[in-house]
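The block underneath contains the structure these notes are about, expressed in structure tokens.
Laboratory data are not the source of any read-out in this text; all were calculated from the coordinates shown. On a predicted model such as this, the values are computed, not experimentally measured, just so you know. Glycine also receives a Cβ, built like all others from the backbone with ideal geometry; neighbour counts cover every protein chain displayed.
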Amino acid sequence: MADQWGELERNPLREGLQQARTPDPNCFVIFGASGDLTRRKLMPALFRLYVQGLLPSRFSVVGVARRPLADDEFREQMRQAVATYGTLREEAAGRWERFAALLRYVASEFHDAAGYQRLGQVLAEEDEHRGTGGNRLFYLATPPDAFPVIALNLGQAGLARPASGSWTRIVVEKPFGRDLHSARELNDRLHAFFEEHQIFRIDHYLGKETVQNILVFRFGNAIFEPLWNRRYVDHVEITVAETVGVEGRGAYYDATGALRDMVQNHMMQLLALTAMEPPATFAADAVRDEKVKVLRSIRPFTPEQVRTDAVRARYVPGLVEGRLVPGYRQEEGVAPDSTTPTYVALRLMIDNWRWAGVPFYLRHGKRLPKRVTEIAMVYNRPPLRLFRERDDASDRVEPNTIILRIQPDEGISLKFAAKAPGPAMDLRSVTMDFLYSASFGISPPDAYERLLLDAMLGDHTLFTRSDEVEVAWSILQPILEEWDRSGEGMAIYEAGTWGPSAADDLIARDHRRWRQL
Ligand code: BG6
């Protein structure tokens, strides 16, 4: 870690960034300051930004949560959080104390109007003593049912409107609604007090370097984009496989399930970035317009298609990475007769000029054998079998495939056929590989660092717009409805396997099979 510390100090890439991208002075207010997200993600990310000199010199963090705590107790909790979940050894760096001095705490119920008055006073004090200039960022890191009440109270306390010459922003965590109707309602509740340009809907996948690199790979190079369409691509597979189960979040997950937890947000974003047209510029709205456009081109599911093209399943006990793990229904906080899916596979068609006829297969599950997130563009076979491969060779020669490895082993591979050395024309699949760690010498930073910085900078490019979140829900709405209505068709899979056989059938019907990962 000491090396990593050194790397942060010296990295020339960061030096440029530092000059170009330091946000205005501001107060960063976290609702849900005693929660998991604050401890695991927000505070470690803020501290790393601080250490890298990417935060403004006039800055303050105000935590808001129910539990009564003194400022010093809050600071101590956050020190422990950074020590546990952060990637820097803060004591070794000797910076924690200075950072901790920027932290304050306000105890309040989220519905208590008096708490917002106290918060307003604390913010005014910070403006006066630290020169934070009236700029406020409210981060809602609470359970989603608190989002509307916090927005309402901020509005009623007069905290949603910036004073002249300063800004006020609100960052809303996922899940953004639980269906199309509730997402619209939440948008309305936010828009009652905040303008769209003040709202930052977070999807942490967009903060991942590898996800941002999808657009660079496609539009920053001349050689790939001409091959990125129905003429050459046979099909696209997007996989988000996790080995973890519900990780102490049983109650949340049981009310949510795989489709809402991962597909509506993270996977729809991966799909949109993979399939969208080039934006006119790299400005936030130009990028988001293209994402919305491609999402709108996804063919709507009919109830029949839900039955054939959408698979859901739940894990039962099994071995993951050599360890016996309980089944989903045995997890704490999960109903013993739960019908919540922990696995989803979908077949989507995009009815536009570029993708007509190319199926996009999506799969996501918890308790799968391996943690891997990737996007695979699988290309057509050559038109002729010129080399008279033996019949059994087809297994050894995979179709040309471009694999964008989102995580882990972040990188990009291209698979193609090569002649195996020897007297015969024996073909094998080989791989050309780009690895982030090898080319850049560092592992990508945590997604939250980038997103917190962008929100403070007012850059919306990596945040989801209101119409985007609604269109993503509208794609999944018929599936949610059909699954609710029919109550049938829930498959099971053993933990540590690649999901139910129904998912294999879904792709096998098209005479294809999932990539073996
Ligand atoms: C979260 C989901 O949004 O993303 C979790 O709620 C999931 O269930 C997590 O495990 C995955 O994120 P990452 O960055 O580890 O792929």
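Sites listed here are GluC sites (Glu not before Pro) in the range 430-492 whose DSSP assignment is loop and whose Cβ has at most 10 other Cβ atoms within 10 Å: E488. Taking each residue as 0.36 nm, the span from E247 to T431 lengthens on full extension beyond its C-alpha to C-alpha distance by 62.7 nm.
Computed from the Cβ-Cβ distance with R0 of 56 Å, the FRET efficiency linking T339 to E128 stands at 0.55.
Assuming a ≥ b ≥ c are the square roots of the Cα gyration tensor eigenvalues, decide whether the range 261-310 counts as rounded (a/c under 1.5), prolate (otherwise, with a/b larger than b/c) or oblate. In terms of gyration-tensor shape, prolate.
Computed from the Cβ-Cβ distance with R0 of 60 Å, the FRET efficiency linking L384 to E488 stands at 0.85.
List the residues of the range 110-149 whose backbone N lies under 13 Å from a point placed 7 Å from the Cα of D36 along the Cα-to-Cβ direction. Those under the cut-off are 142-144.
Legend: P(r) of the range 30-119 from all alpha carbon pair distances, 5 Å bins from 0, whole percents, reading 3, 14, 27, 24, 18, 9, 4, 1, 0. What's the long-distance tail for the range 335-462, i.e. % of Cα pairs beyond 22 Å? Here the long-distance tail beyond 22 Å is 62 percent of all Cα pairs in the range 335-462.
Inverting the pair-averaged 1/r between distinct Cα atoms of the range 163-260 gives 17.6 Å as its Kirkwood hydrodynamic radius.
Scaled against the 2.2 N^0.38 Å expected of a compact globular protein of N residues, the Cα radius of gyration of the range 465-517 reads 1.50. For the listed peptides 420-433, 496-509, 374-387, a ranking on the average number of other beta carbons within 10 Å per residue, highest first, reads 496-509, 374-387, 420-433. Equivalent-ellipsoid semi-axes for the range 91-228 (Cα gyration tensor, √(5λ), whole Å, largest first): 33, 24, 15. For P500, the shell of other residues with beta-carbons less than 11 Å away shows a net charge of 0, using +1 for Lys and Arg and -1 for Asp and Glu.
Of all the Cα-Cα pairs you can form in the range 231-365, what percent are over 17 Å apart?
Numbers: 5851 of 9045 pairs.
Cα-Cα pairs of the range 231-365 separated by over 17 Å account for 65 percent.
Separation of the range 127-160 from the range 228-248 is 37 Å, based on Cα centroids. Which values of log₁₀ I(q)/I(0), to two decimal places, follow from the Debye formula for the chain at q = 0.05, 0.10, 0.11 Å⁻¹ with a uniform point scatterer at every Cα? Cα-only, vacuum Debye calculation for the chain: -0.21, -0.86, -1.03.
Mean residue ellipticity, 222 nm, helices only, the chain: the sum of -39500 (n - 2.57) across DSSP H runs of n ≥ 4, divided by residue count and rounded to 500, is -10000 deg cm²/dmol.
Our analysis of the range 408-517 gives Rg over Rh at 1.10, with the two radii drawn from alpha carbon positions and Rh computed by the Kirkwood formula. Whole-Hz Karplus values for the range 501-517 come out as 5, 4, 6, 5, 5, 4, 8, 5, 4, 8, 6, 10, 9, 4, 4, 8, 9 Hz, taken residue by residue from phi with 6.51 cos²θ - 1.76 cosθ + 1.60 and θ = phi - 60°; glycine and proline positions read x. Remark: the A157-A418 segment gains 87.2 nm on full extension, using 0.36 nm per residue and subtracting the alpha carbon distance. Per-residue 3J(HN,Hα) values for the range 358-366, derived from phi via the Karplus relation 6.51 cos²θ - 1.76 cosθ + 1.60 with θ = phi - 60°, read 9, x, 10, 9, 10, 9, 8, x, 9 Hz in sequence order (x marks Gly and Pro).
The stretch between D24 and D72 holds 14.7 nm of extra length on full extension. This uses 0.36 nm per residue minus the Cα-Cα distance.
Of K208/K293; K41/K174; K41/K208; K174/K208; K208/K291; K41/K293, which ones are farther than 20 Å apart at the Cα?
Going by Cα-Cα distance, K208/K293; K41/K293 fall outside the 20 Å limit.
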